[in-house]
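As C-alpha cells, the structure follows; a few thoughts come after it.
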Amino acid sequence: MDYFLGGRSLRQRQAVNEIMTTRNGVRLATSVGGVLTGRGAQFIIIDDPLKPDEALSDSRRQSVNDWYDNTLCSRLNDKRTGCIILIMQRLHEDDLTGHVQKPGNWEILRLPAIAEEDEEHMIASPYGVRTVKRRAGEALDPQREPLEILEQIRAVQGEYNFAGQYQQTPSPSGGGMIKIDWFARYTQQTRPQEFEFIFQSWDTADKNTELSDYSVCTTWGVSKRQLYLLNVFRKRLVYPDLKRAVLDQRLTFGASVVVIEDKASGTQLIQELINEGRYGIVGYQSKLDKIMRMHSVTSMIEAGLVYLPEQANWLEVLLHELATFPRAKHDDQADSISQALDWIRQRDMTDNTLTISTVYI
C-alpha cells in the first residue's frame, strides 16, 4: 500500500505506524510508554500523553514523566539541533508540560479559550508577517465557540477541568475549590492579643525520600469562633526528627492540643507520645478522602472564619498550593488545614469559646 504526502509516495514498512518516504525519510509512531530501543529522530512530537481521567492519578502522571525522562528525551539524533514538540491540554500542575518546564529550556505557546489579558501575536508565513490581537475576555474562536458556549462548557465541566483543558492552566485564576479571596486576613495590629486556646494539626509523610510529601504542622489560634493560622512548619523528616519536631513545635507555640492523622507514621507517633504521658494528643481519622474533606470545610473559609496573616515567609508557597488543590504536586499543607478545620468543626462550639476538655489524654 502507498501513502501520499505532498505529492510524494510513502511506502509502508512492516506496519502502518512506521512509514518511509521515497527519499528514505521515516515516520515512526508509538504509544506513550512504548519501546524505542535503538531508534532516534530529528523531530519528536508528543501528542496528548495524558488523558483527563488520568490526571489525578499520581502513579499515571509519574509513569508518563518517567517515560519521557528515561526513554524519550535521549532519542534525539542531534541534541543541538533536534527538536521535541509537546502538544497537550493542561491537566495538572505536574503533568508532562509542568514536568519538563522545571529543568528544560522550552518555548511555551499558550492560547486560552478566553483571553485572561490583552494579547498580541506575530505570525510569520511565506506571505509575510501579520499581527493578531485579542482583548482580555475575548474568545479564541468566537465563530466556533463564542463566549456564551464557553461559559456553558465551564458550568458543565467545572472550574478545574475548564481551567486545564480550555484555559491551559491547571490552577484557575483566584483558586479552584478554594478561592484565595475567601480567607480573611490579619496583621500584627489586628491579631488577637490572647486566644482561648492554641492547637496544631499534623499531616505526616510516609517516608522522607525526595519524591515523598512533606510532613506539615499548621498552628492555629482560636478566638471568638474564628481561627487564626499562626504558623506553617513544612519539612521532609525521618521518624526520629519528626517526633522531635512535634515536641518542638508544641513547645514553641504553647499548643494545648496536637491533632495527628492516625495513619502511616502518624499512628506510631500517636502511640509513642501517649505512652510517654504527653497530654492533649489527639488521633484524627476521617471517612472522607482528602478532596471531599476539603470540600466539606470550604464553607468555613467562605464565611470568613479562617484568617491568614498578611505577611509570612511561608505564605506564598501555601497560597499556591491552596489555589491549585487538588491538582497541585504537593497537597500536604492543604491536608493539614482541612484536617484542622474538620476537627474543630466537630468540637463543641459555643458563642465565645470552644470546649476542649474531652480531648485531653
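Filter the GluC sites (Glu not before Pro) in segment 229-278 down to the DSSP loop ones having no more than 13 other Cβ atoms within 10 Å, then list what survives.
Here the sparse-neighbourhood loop sites are E276.
P(r) for the chain, please, calculated from all Cα pair distances in 20 Å bins and given in %.
Taking every Cα pair in the chain, the percentages come to 23, 46, 24, 7, 0.
What is the order of Y127, Y186, Y279, Y307, fewest Cβ neighbours within 10 Å to most?
If I rank by nearby Cβ atoms, fewest first, I get Y127, Y279, Y186, Y307.
Could you work out the helix-only [θ] at 222 nm for the chain, with each DSSP H run of four or more residues adding -39,500 (n - 2.57) and the total divided by the number of residues, to the nearest 500 deg cm²/dmol?
Value at 222 nm, helices only: -8000 deg cm²/dmol.
In a solvent-free Debye calculation with one equal scatterer on each Cα, what is log10 I(q)/I(0) for segment 119-165 at q = 0.13, 0.23, 0.27 Å⁻¹, listed in the order of the q values?
Normalising to I(0) and taking log10 leaves -0.44, -0.87, -0.99.
Angle between the Cα long axis of helix 290-302 and the longest principal axis of the chain, 0 to 90 degrees, nearest 10?
Compared with the principal axis, the helix lies near 60 degrees.
Could you give the distance between the Cα centres of segment 186-250 and segment 72-122, to the whole Å?
The distance from the Cα centre of segment 186-250 to that of segment 72-122 comes to 37 Å.
Sorting K133, K329, K235 on the 10 Å Cβ count, fewest up front, what's the list?
Listed from fewest to most nearby Cβ atoms, that is K133, K235, K329.
Quick check for me: using +1 on Lys/Arg Cβ and -1 on Asp/Glu Cβ, what's the dipole size of the chain about its Cα centre, in debye to the nearest 20?
My answer is approximately 960 debye.
At 0.36 nm per residue, minus the direct Cα-Cα distance, what do Q62 and Q189 gain on full extension? Give it in nm, one decimal, please.
Result: 41.2 nm gained on full extension.
Taking only Cα atoms, what is the 0 to 90° angle, nearest 10, from helix 239-253's long axis to the longest principal axis of the chain?
Tilt relative to the chain: about 60 degrees.
Volume per residue, Å³, of the convex hull around the alpha-carbon atoms of segment 220-287?
Convex hull of Cα atoms, per residue: 111 Å³.
What is the fewest-to-most order of C217, C73, C83 by other Cβ atoms lying within 10 Å of their Cβ?
Starting with the residue having the fewest Cβ neighbours, the order is C83, C73, C217.
Any chance you could give the angle, 0 to 90 degrees and rounded to 10, that helix 58-67 forms with the longest Cα principal axis of the chain?
40 degrees
Every number here is computed from the coordinates shown, using simple stated rules; none is lab data. Everything numeric here is computed off the predicted structure, so don't read it as measured data. Backbone-built Cβ (ideal geometry, glycine too); neighbour counts: all protein chains shown.
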